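All remarks here apply to the structure that follows.
Quick note: the coordinates plus some simple rules give every number you see, no bench work behind them. Computed from a predicted structure; not experimentally measured. Cβ coordinates were reconstructed from backbone atoms using ideal geometry, including for glycine residues, and neighbour counts include every protein chain displayed.
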Amino acid sequence: MNRPIRVLIAKPGLDGHDRGALVVAQGLRDEGLEVIYTGLRQTVEQIIATAIQEDVDCIGLSSLSGAHMTLFPAVVEGLQERGIDDMLIIGGGVIPPEDVLELKKRGLAEVFTPGSTIGEMADFIRNNVLNKGELSFFEPPSQVDHIGIAVADLEQTLAFYRDHLGFSVVHEEDIPDQKVHAVFLQAGELHIELLLSTSDEGPIGKFVASKGPGIHHIAYRVDDVAAWLERSRLAGHRLIDESPRPGGQNKWIGFIHPKSSHGVLTEYCQITDKE
Amino acid sequence: MYHQSDLADELESRLGEPGAYPFTRGVQSTMYRGRFWTMRQYAGFGSAKQTNERFRYLLQQGQTGLSTAFDLPTQIGYDADHPFALGEVGKVGVSISSLADMEVLFDKIPLDQVSTSMTINAPAAILLAMYIVVGEKQGVSMDKLSGTIQNDILKEYVARGTYIFPPTPSMRLITNIFEFCAKKLPKFNTISISGYHIREAGSTAVQEVAFTLANARAYVNAALSAGLHIDEFAPRLSFFFNAHNLFFEEIAKYRAARRIWARLMKEEYGAQNLKSLQLRFHTQTGGSTLTAQQPDNNIVRVTLQALAAVLGGTQSLHTNSRDEALALPTEDSARIALRTQQIIAYESGVADTVDPLGGSYYMESLTDTIEKQVLDYLRVIDEMGGAVSAIEQGYMQREIHNAAYETQRAIERKDEIVVGVNAFTVENEKVPELLRVDESIEREAKEHLLHLKQQRDEHAVESTLSALRNAAKSDDNLMPYILDAVRVYATLGEIANVLREEFGEYQPV
């Protein structure tokens, strides 16, 4: 992209609270983005017309009056009706968490509520606008590689997975830096990884102590763990591993924080030739 | 640390006694020993019927005054069926499109026994007229009505955004109300000159007081130009301030504001009536200080802010609910908020002593500092030609925005700590139960309007609106014409539209 990212900050509806909109507009300008502010009391049609006319990459909608569920999706739909589906639409304001989820379902890329920083918003816009053209270069993960299950009693757990379900154990190893003993079973295309802690201090030990045994993580098989970690970092996701590290079965692995993946600890894993 | 040497000379004359000029120590001699401040929780959402139920609940819970929140279409003079009202009906307050809604809103609430504050500005004359007619129907004459209309249009241009008309006709509507009320509603506060929203928009404490007092002077000057006498309307001017986080600064702010106002009214305007010199104010705790993160912490913030307002001598108080950074407050949250001020009043003992901080080295020195900085601002605005001109040039707006931006930067740099937001955070926060406004309100409000328009006397509506139009072209006081139109159920939108056509609409700078 050879011009600055262009953002339209818009106030749909009748809400007069523009402190947030004005602060964000100036903050994004200071972050090097080009920002147009609509002023108050814009109709959905006015916002869409301005966005098209100004050829913006992103629209930031602000409402503190509770009208967000009506007005924000109307902007997305209005753009779609005009055949525009590559504009990044984000929102902000006094918006309850359940509405945030619903707005994301209805086409908003992100919703920033009180306490969000300008830095976060700028990063999010930059990464999503810049990555837009590159999305096709990313192959999505080819499959679930394995499901990690934290175990309190390995023998009893094996009695279920191996003896009752009938999956066969294909690999077993100690992973000392994770203080864990891992047993892999073949379950169709993917593996079940049973994780038994070898120390109360290890991550699995702590997990079992606080939550009891159960599903610990899901691992997706990717071509390049490093590239995926970078992509997630740029998209504003929180990483546990900044760079790939060796995991079980000689795979390269990297975790992203469950807070970024909606409650599920998520692992990228890459098969190496050594297997 | 502060010492005796930090106190100004002639402290006695700068302070005065409580209830005496220049009122630094408070407007009443006995302050809360005589009577607590009015506990007035701002409420309103959804339909008139729902809000009526919340009002009656709050009165039952020991609240002593009502405070009405209107939704945005009402505040901007659109009926619920106007296309611009889409998605906004009943959201930030109650939806009122006509007298019929107002009758439901105050059903079974005797208007001679409660004082009602209404947060209404651009269409204040219309809503006041509706309130008067509801009173008439209850058999309560105008002179028995007490309460406050916000009616402060200048801060709408600066900070709050619910303007309709340009400044000149807006100022005319305001002076019309001053004049009408001086004669007919002696117990009604005709304006609540508000720093609250200026502060919420991001201003400093000094800017809050300075811009509010600058606006107040503009109203006084407009009323004087319209031929009113200062002591005729000044006793009914009231103020509305924020209670923000910096505890001592807030207390000093209220004290400084009182002193500046008293001196201004006496020395510059020659007011004689003691009531004209008294800056009486309502306080609301700072909404923008509330955090969406760990919302129960907000109860503590509100407690400290409310305490500052009480120690600063407020006449009435709204305490915010803990969940307001997430949604409108639930009934539980609203009750805790009210209980917070009841605990301060009945349990803490702070109300037993009149101005307990008076004479403190730090408090008096801080009061002086704020006073000086406010006066500096007032001079600058004066040189720009007064508040209206400063607003038209975007001066106040820019000053506030710069302060707001600096605050945001300071929080991001962690120079300013917000507990639970940029420090002491927790993961996986539990979301409290939130109030949701039923989306069917908009549909129902439209149906009510349709029904109303089928029932009412269209001829009467047309003739009263046309009389209002002619009056708007003349210099007549518009209040009697608006009352006539309201009585025959002309809607808020219809009345506002006549004035829009005659006055034009404000275009922001």
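Projecting each Cα onto the charge dipole of region B:19-412 (Lys/Arg +1, Asp/Glu -1 at the beta carbon, about the Cα centre), which of B:M384, B:F180, B:T74 comes out farthest on the positive side? In region B:19-412, that residue is B:F180. For a Förster distance of 22 Å, can you work out the FRET efficiency between the beta-carbons of B:E462 and B:E103, rounded to the nearest 0.05? About 0.50, to the nearest 0.05.
Listed values for region B:75-84 are Karplus-derived 3J(HN,Hα) couplings in whole Hz (6.51 cos²θ - 1.76 cosθ + 1.60, θ = phi - 60°), namely 5, 10, x, 10, 5, 4, 9, 6, x, 5, and x replaces Gly and Pro. Using the beta-carbon distance between B:E10 and A:Q80 and R0 = 56 Å, what value does 1/(1 + (r/R0)^6) give for FRET efficiency, to the nearest 0.05? Efficiency for this residue pair is about 0.20. The charge dipole of the protein assembly as shown, taken about its Cα centre with unit charges on the Cβ of Lys, Arg, Asp and Glu (plus for the first two, minus for the last two), comes to roughly 2480 debye.
Out of every Cα-Cα pair that region B:19-412 contains, those further apart than 29 angstrom amount to 39 percent. Pull out a ≥ b ≥ c, the square roots of the eigenvalues of the alpha-carbon gyration tensor of region B:357-509, then state rounded if a/c is under 1.5, prolate if not and a/b is larger than b/c, and oblate in the remaining case. Oblate. Is any residue of region B:347-377 close enough, with backbone N under 20 Å, to a label point placed 7 angstrom from the Cα of B:F247 along the Cα-Cβ axis, and if so, which? Residues passing the 20 Å test: B:347-368, B:370.
In this calculation the C-beta distance from A:K104 to B:R398 is compared with R0 = 41 Å, giving a FRET efficiency of 0.70.
Please give the contour-minus-distance gain from B:E429 to B:V350: 0.36 nm per residue of separation, less the Cα-Cα distance, rounded to one decimal in nm. Gain on extension, B:E429 to B:V350, equals 24.9 nm. Residues whose amide H falls under 5 Å from that of B:N320, counting only those 5 or more places apart or on a different chain, are B:T285, with hydrogens built in the peptide plane.
Roughly what % of Cα-Cα distances in region B:394-441 sit above 13 Å, to the whole percent? Here the long-distance tail beyond 13 Å is 72 percent of all Cα pairs in region B:394-441.
Using only side-chain charges placed at the Cβ, +1 for Lys and Arg and -1 for Asp and Glu, the dipole size of region A:1-137 relative to its Cα centre rounds to 160 debye.
Counts of other chain beta carbons within 10 angstrom of each beta carbon in peptide B:432-439 average 2. Since only B:A325, B:S348, B:V158 are under comparison, the one whose Cα sits farthest along the positive direction of the charge dipole of chain B, derived from C-beta charges on Lys, Arg, Asp and Glu, is B:S348.
Computed over chain A, the range of Cα coordinates on each principal axis works out to 66, 37, 33 Å, biggest value leading. Close amide H pairs (under 5 Å, H built 1.01 Å from N) link A:E110 with A:G91, residues at least 5 positions away or on another chain.
For B:S117, the amide hydrogen comes within under 5 Å of the amide hydrogens of B:L66, B:S67, B:T68, B:T148, counting only partners 5 or more places away or on other chains and with H modelled in the peptide plane. Reported to the nearest whole Å, the Cα centre-to-centre distance from region B:440-488 to region A:181-234 is 69.
Remark: B:F36, B:F106 ranked as B:F36, B:F106, counting other beta-carbon atoms within 10 Å and listing the fewest first.
You can think of it this way: the chain between B:L59 and B:N221 has 54.5 nm of extra reach, that is 0.36 nm per residue less the Cα-Cα gap.
Packing order of peptides B:502-508, A:212-218, highest average first: A:212-218, B:502-508 (average count of other Cβ atoms within 10 Å over each peptide's residues). When the protein assembly as shown is described by a simple charge dipole with +1 on each Lys and Arg Cβ and -1 on each Asp and Glu Cβ, the residue from A:I149, B:L307, A:G66 located farthest towards its positive end is B:L307.
The label-point distance for B:K49 and B:K184, in a model that sets each label 7 Å from Cα toward Cβ, rounds to 3.1 nm.
Note on A:H237 and B:Q455: the model spin-label points, each 7 Å out from Cα along the C-beta direction, lie 5.8 nm apart. For the pair region B:101-124 and region B:134-154, the centres of their Cα atoms are 7 angstrom apart. By other beta-carbon atoms within 10 Å, ranking A:Y37, B:Y131, B:Y361 with the fewest at the front produces B:Y361, A:Y37, B:Y131.
Straight-line reach from A:K179: taking Cα to Cα under 19 Å and skipping same-chain neighbours fewer than 8 places apart, the lysines in range are A:K206, A:K211, A:K251. 3J(HN,Hα) couplings calculated from phi for region B:141-149 with the Karplus curve 6.51 cos²θ - 1.76 cosθ + 1.60 (θ = phi - 60°) are, in sequence order, 6, 3, 5, 9, 6, 10, x, 8, 10 Hz; Gly and Pro show x. Each residue in B:V27, A:V180 was given a count of other beta-carbon atoms within 10 angstrom of its own, and listing them fewest first yields B:V27, A:V180. Note on B:N273 and A:H171: their simple-model spin labels are 8.9 nm apart, each label 7 Å out from Cα toward Cβ.
For region A:6-136, the square roots a ≥ b ≥ c of the C-alpha gyration tensor eigenvalues yield an a/c under 1.5, which makes the shape rounded. Couplings 3J(HN,Hα) of region A:162-167, computed from phi: 7, 8, 7, 6, x, 6 Hz, in residue order, whole Hz [Karplus 6.51 cos²θ - 1.76 cosθ + 1.60, θ = phi - 60°; x for Gly and Pro].
Fully extending the segment from A:E34 to A:I147, taken as 0.36 nm per residue of separation minus the present Cα-Cα distance, adds 36.3 nm.
Shielding value for B:129-140 is 0, the average number of Cβ atoms from other chains within 10 Å of each residue's Cβ. The Cα trace of the protein assembly as shown gives Rg and Dmax of 30.4, 98 Å, the first to one decimal, the second as a whole number. Note down the net charge around A:G78, summing +1 for each Lys or Arg and -1 for each Asp or Glu among other residues with Cβ under 14 Å from its Cβ. The answer is -2. Partners of B:K266 within straight-line reach, counting aspartates and glutamates whose Cα lies under 16 Å from its Cα and excluding those fewer than 8 residues away in the same chain: B:D231, B:E232. Remark: mean inter-chain Cβ contacts per residue of B:409-422 equal 2, using a 10 Å Cβ-Cβ cutoff to other protein chain atoms.
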